[in-house]
Amino acid sequence: MSKRLVVMVALVAAVAAALSTALLVNIFERKQEARNPFYRVVELTDETVDPVVWGKNFPQQYDGYLRTVDQQRTRYGGSEALPVTPSEADPRSFVAQSKLADDPRLKVIWAGYAFSVDYRKKRGHAHMLEDQTYTERQQFKQPGTCLHCHASIYVPYKKLGGGDLIEGFEAMNRKSFQEARQLVTHPISCIDCHDPETMALRVTRPGFLEGIRALKASQGIADYDVNQAATRQEMRSYVCGQCHVEYYFKGPEKRLTYPWAKGIKIEQIYAYYEEAGFTDWTHAETGAPALKAQHPEFELWSQGIHARSGVACADCHMPYVRSGALKISDHHVRSPLLNIANACQTCHKWPEAELLARAETIQERTFKLRSLAMDAVVELISDIKLAKAAGASDEQLEEARQAQRRSQFYVDFIDAENSTGFHAPQEATRIAGEAIDFARRGQLSLRPLNAGKPGKAR
Amino acid sequence: MIKAHRVAVVAAALAGAAFGLGGYTFLYARGWSYLTNDPRACANCHVMQEQYAGWLKSSHRSVAACNDCHTPPDFLGKYFTKAENGFRHSLAFTTGDFHEPIQIVPRDRAVTERACRHCHAEVVQAMVAHESRREGRDFVSCIRCHGSVGHLELQATDVFVAR
């Protein structure tokens, strides 16, 4: 045996042993990753509002949650951070871009209403409380009801209600915003969606508890208790539907109500408002009894193919991410278009660029139709003004005003909704199309009055 | 002479240690399980846990396991595919360099596609009679539409469907 060969064998064996050890250690580490999904370092109770405390037990989820401060827009949604000079009245140094500046037609449509003063694009969950606190809409005396969705409210409600959630909810609704604002500290926090004992999802918002009960009752299911009856997958949408919905403040006690007692589609919601005789405000220029739609994401999503296929809000907006051997849902809640690999490609096996192009095609079409509908509403408004100036009676204007009420609620339902039609593309275009129809019919009803008068250019 | 003998002994010891260490690593990593048909082997490392869980709930679980759809039926093809996949997967998993969510590669997709057609020959015979031989744009793919039969199950919410 040559000495050289022996040395070679020794060298090869040494390298092989080293590699084996490295591999062994790697496998060992990977096996360790799969154990101990979480370490309980603090005790969480039904009173723990502060997300920092929850973050000690769930650092990875907390890390994602903190990142909702990020501001990054997609083509049609979200907003880049707009730097502003902080003042005593408004200490924010960054805000979202103004929607009113982007589309001046909105000011015409909302004439006389708080939203014509300050209305901004959307940004992350982390900003919800400060943005509601410092919006210029506050000069219109907002009620404490707003905090239902702008703060971590579960514990403050229970404290205010002496342990009873609904009593606290009712008491908070009756307070002024400024008064109620003193009782809350955090924007949405862990406890608003999670049971501190089991981490299971749960609904804590009275508005949704009552809204979904009314919706289920309209479907023939009596006394629906969402926290008892909903499946885990349903809860992954319902916790979001606690706030991303159409709502109104019912009666002088400003009770937050989701208008779902006749169903969740727009014509059912509209029929509900008609029956309730509800009006948000009287249009300053036409005298029409107007409605404002509010971010009806849950409603529009429910009419789309993703809902029908059993895809929950969290599947796309909080997709699972791998962290070592663990899979956690990404608590950096954001547009799926900023996270296509995790959000879309789990089901749709196409390149990211293709998926983005598909989504933007839907949004572009919706956006164009929404703009046409907005033109129609604005032209109806100018026709009503014209007839009114010429001395038309309330009776003569009635049909046109009803058309304005309905068409602007319909177009707002698509415009205020946060997906630019993506949540249910055909439904969105149907609604925008109907908005155009209502507005043009309203104009037709004024034809005998406005005949021969020089109107705005058509 | 004695010196050379000593070196040989050291080399042999090292070689033995390397072999022993390698062998232990193989056992510790449940290396033998990869030679079997047991679907649990595919979820040995946690990356495919979700696919394994999905398969347990799928329509195919009682008639086909992982290897029935993801390896060719013949002995050589099967073990070649296992070796090729095994090497690629372990390299990816060890280095952590892989696409999330995991995606099937074209070769393995073709293997699965053939497996569908093998078992369901009677059903698909008429459908594929006129298709071109090579996999191009006009290629009819079973799993493009039936992607969830093996795994990937979504739990339907039937809340809004009725209305």
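Only the coordinates and a few stated rules stand behind these numbers; no lab work does. Keep in mind that this is a model prediction, so the values were computed, not measured. In this analysis, Cβ positions are derived from the backbone assuming ideal geometry, glycine residues included, and neighbour counts consider all displayed protein chains.
What number, rounded to the nearest 500 deg cm²/dmol, is the helix-based mean residue ellipticity at 222 nm of the protein assembly as shown, given -39500 (n - 2.57) per DSSP H run of at least four residues and division by all its residues? Show your work: numbers first, answer last.
Numbers: 29 runs with 317 residues, N = 621.
Helix contribution divided over all residues of the protein assembly as shown: -15500 deg cm²/dmol.
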Discussion item. Taking the 0 to 90 degree range and rounding to the nearest ten, how far is the long axis of helix A:3-33 tilted relative to the main principal axis of chain A, both from C-alpha atoms?
Written reply: 40 degrees
Worksheet, complete the sentence: Rounded to the nearest 10 degrees, the helix A:165-174 long axis (Cα) sits at an angle to the longest Cα principal axis of chain A of 40 degrees
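So if I place +1 on the C-beta of Lys and Arg and -1 on the C-beta of Asp and Glu, and nothing else carries charge, what would the dipole magnitude of the range B:50-145 be about its Cα centre? I want it in debye, nearest 20. Before the final figure, lay out each step's value.
Numbers: 13 positive and 12 negative charges, 23 e Å.
For this selection, approximately 120 debye.
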Discussion item. How far apart, in nanometres, would the label points at A:Glu398 and A:Ala341 be if each is projected 7 angstrom from Cα along the Cα-to-Cβ direction?
Written reply: 6.2 nm
Worksheet item: Which of the trypsin sites (Lys or Arg not before Pro) found in the range A:180-265 are in a DSSP loop and have at most 16 neighbouring Cβ atoms, other than their own, within 10 Å?
Response: none
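What do the square roots of 5 times the Cα gyration tensor eigenvalues come to for chain A, in whole Å, largest first, as semi-axes of the equivalent ellipsoid?
Each semi-axis is √(5λ); the values are 49, 27, 21 Å.
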Worksheet item: How well do other chains shield peptide A:22-30, expressed as the mean number of their Cβ atoms within 10 Å of each residue Cβ?
Response: 5
Practice prompt. Loop sites only, by DSSP: take the chymotrypsin sites (Phe, Trp or Tyr not before Pro) in chain A that have at most 14 other C-beta atoms within 10 Å and name the longest stretch containing none of them.
Written response: A:40-458
Fill in: Size of charge dipole - the protein assembly as shown - debye, nearest 20, with Cβ of Lys, Arg +1 and Asp, Glu -1, no other charges
1820 debye
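Starting from the range A:1-63, pick out the trypsin sites (Lys or Arg not before Pro) whose DSSP state is loop and whose Cβ has at most 13 other Cβ atoms within 10 Å. Numbers along the way, then the final one.
Values: sites: A:Lys3, A:Arg4, A:Arg30, A:Lys31, A:Arg35, A:Arg40, A:Lys56; in loops: A:Arg35, A:Arg40.
Sparse-neighbourhood loop trypsin sites (Lys or Arg not before Pro): A:Arg35, A:Arg40.
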Discussion item. Once each part is reduced to its C-alpha centroid, what is the distance from the range A:273-347 to the range A:364-440 in angstrom?
Written reply: 22 Å
Worksheet, complete the sentence: For A:Asp280, A:Asp164, B:Asp74, ascending order of other Cβ atoms within 10 Å (fewest first) is B:Asp74, A:Asp164, A:Asp280
Item to complete: Determine the gain in length on full extension of the stretch A:Asp63-A:Arg40; use 0.36 nm per residue of separation and subtract their C-alpha separation, reporting nm with one decimal.
Response: 6.6 nm
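What average count of beta carbons from other chains do you get within 10 Å of the Cβ of residues in B:93-102?
On the way: counts 3, 5, 1, 4, 0, 0, 2, 8, 11, 2.
Taking all residues of B:93-102 together, the mean is 4.
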Item to complete: Return A:Val378, A:Val95, A:Val52 ranked ascending by Cβ neighbour count within 10 Å, so the fewest neighbours appear first.
Response: A:Val52, A:Val378, A:Val95
Practice prompt. Give the cysteines in chain A for which no other Cys Cβ lies under 4.7 Å away, or write none if there are none.
Written response: A:Cys146, A:Cys190, A:Cys193, A:Cys316, A:Cys344, A:Cys347
Worksheet item: Using alpha carbon centroids, what distance separates the range A:147-189 and the range A:32-60, in Å?
Response: 25 Å
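Partner chain Cβ atoms within 10 Å, averaged over the residues of A:10-16 - can you pull that number for me? Walk me through the numbers on the way to the answer.
Working: counts 9, 2, 4, 12, 5, 1, 7.
Partner-chain Cβ atoms within 10 Å, mean over residues of A:10-16: 6.
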Worksheet item: Convex hull over the alpha-carbon atoms of the range A:347-458: what's its volume per residue in Å³?
Response: 90 Å³
Worksheet item: Please report, for the Cα atoms of the range A:57-211, the Rg to one decimal and the Dmax as a whole number; what are they, in angstrom?
Response: 17.0, 50
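What is the calculated FRET efficiency for B:Gln125 to B:His60, with r their C-beta to C-beta distance and R₀ = 25 Å, to the nearest 0.05?
Working: r = 20 Å, r/R0 = 0.81.
Computed FRET efficiency for B:Gln125 and B:His60 comes out at 0.80.
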Discussion item. With only alpha-carbon pairs counted, each pair once and no self-pairs, how large is the Kirkwood hydrodynamic radius of the range A:327-375 in angstroms?
Written reply: 12.4 Å
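For the range A:347-458, what is the charge dipole size about the Cα centre, in debye to the nearest 20, if Lys and Arg each add +1 at the Cβ and Asp and Glu each add -1 at the Cβ?
Numbers: 17 positive and 17 negative charges, 84 e Å.
In total the dipole reaches around 400 debye.
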Item to complete: Compute the FRET efficiency between A:Ala451 and A:Asp375 as 1/(1 + (r/R0)^6), taking r as their Cβ-Cβ distance and R0 = 30 Å, and round to the nearest 0.05.
Response: 0.85
Response to the item:
Going fewest to most other Cβ atoms within 10 Å around each Cβ, A:Asp394, A:Asp412 line up as A:Asp394, A:Asp412
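In the calculated pair distance distribution of the range B:50-145, what percentage of Cα-Cα distances lie above 16 Å? Intermediate results must be reported in sequence, preceding the final value.
On the way: 2947 of 4560 pairs.
It works out to 65 percent of all Cα pairs.
How high is the relative contact order of chain A, given as a whole-number percent (alpha carbon pairs under 8 Å, six or more residues apart)?
On the way: 683 pairs, mean separation 62.9, N = 458.
Contact order relative to length: 14 percent.
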Fill in: Among the listed pairs A:Lys327/A:Lys368; A:Lys265/B:Lys57; A:Lys56/A:Lys216; A:Lys159/A:Lys250; A:Lys141/A:Lys385, those beyond 31 Å (Cα-Cα)
A:Lys327/A:Lys368; A:Lys265/B:Lys57; A:Lys56/A:Lys216
Worksheet item: For the Cα atoms of chain A, what angle does the longest principal axis make with the long axis of helix A:232-241, in degrees from 0 to 90, nearest 10?
Response: 50 degrees
Practice prompt. For an R0 of 25 angstrom, estimate the FRET efficiency from the Cβ-Cβ distance between A:Gln228 and A:Lys159 and round to the nearest 0.05.
Written response: 0.55
Worksheet item: With each label point set 7 Å from Cα along the Cα-Cβ vector, what nm distance links A:Val84 and B:Arg107?
Response: 5.9 nm
